[in-house]
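Heads up, the thing below is written out as structure tokens.
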Amino acid sequence: MTVLYNLVFVSHLLGMAALVGGYFAVLSAPRISEVMVWGARAQFVTGLILVGLGEGALDKDYNHIKIGVKLVLSLVILALAEIFRSKQKKGSENPNVAHVVGGLSIVTVLVAALWT
Ligand code: HEM
């Protein structure tokens, strides 16, 4: 089970790379890219699996307030990314939303890394 957990954790880090790296990549022409949307989906799904596996099978004891804060941030990021990616495809431009999604993603990394 530890190997599975570690593989999901690696996916969680790769999802973060897609989300934050995707944002940096579009900074010169801000928009929600497909890479950012997939990164947001990956973070939400792999995060939930980590908590399920960690608490259900590996006896991990997470800080539930921290997890709750990350869950809410992740849900907002995912909803904004999905909604505005789809609006973009229909021709509507909302460059500021890319900064909101990228900014909230960086805030979530700070919560993950600095909240001990
Ligand atoms: C945009 C969304 C997210 C970002 C950028 C993000 C980022 C990170 C980062 C950088 C880490 C490694 C640092 C650490 O171990 O403390 C981490 C770990 C973790 N994340 Fe997330 N995360 C996100 C969403 C979520 C969600 C929604 C959940 C659960 C509901 C979650 C659950 C976890 C757990 C359980 C770990 C710890 C793994 C371990 O140490 O064994 N994450 N996350």
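Every read-out reported here was derived from the displayed coordinates using simple, explicitly stated rules and does not represent laboratory data. Values in this document were obtained by computation on a predicted structure and should not be read as measured data. For neighbour counting, all protein chains shown are included, and Cβ atoms are generated from backbone atoms with ideal geometry for every residue, glycine included.
So here's what we get for this one:
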| quantity | calculated |
| --- | --- |
| Any hit, region 31-41, residues being within 11 Å of the ligand (Cβ to nearest atom) and of a type in the set (Gly, Ala, Ser) | yes |
| Residues located in region 59-112, provided they are assigned to a loop (DSSP other than H, G, I, E, B) and either on the phi < 0 side of the Ramachandran plot or hydroxyl-bearing (Ser, Thr, Tyr) (or both) | Lys60, Asp61, Tyr62, Asn63, Lys90, Ser92, Glu93, Asn94 |
| Qualifying residue in region 35-42 (condition: touching a Lys or Arg at 6+ places or on another chain (Cβ under 7 Å) and either within 30 Å of Glu93 (Cα to Cα) or of a type in the set (Asp, Glu) (or both)) | yes |
| Conditions (1) more than 9 Å from the ligand (Cβ to nearest atom); (2) among the basic types (Lys, Arg); (3) buried (at least 17 other Cβ atoms within 10 Å of the Cβ); number of the one not met by Lys70 | (1) |
| Members of region 73-116 found to be of a type in the set (D, E, K, R) and crowded, with 17+ Cβ neighbours inside 10 Å, listed by number | Arg85 |
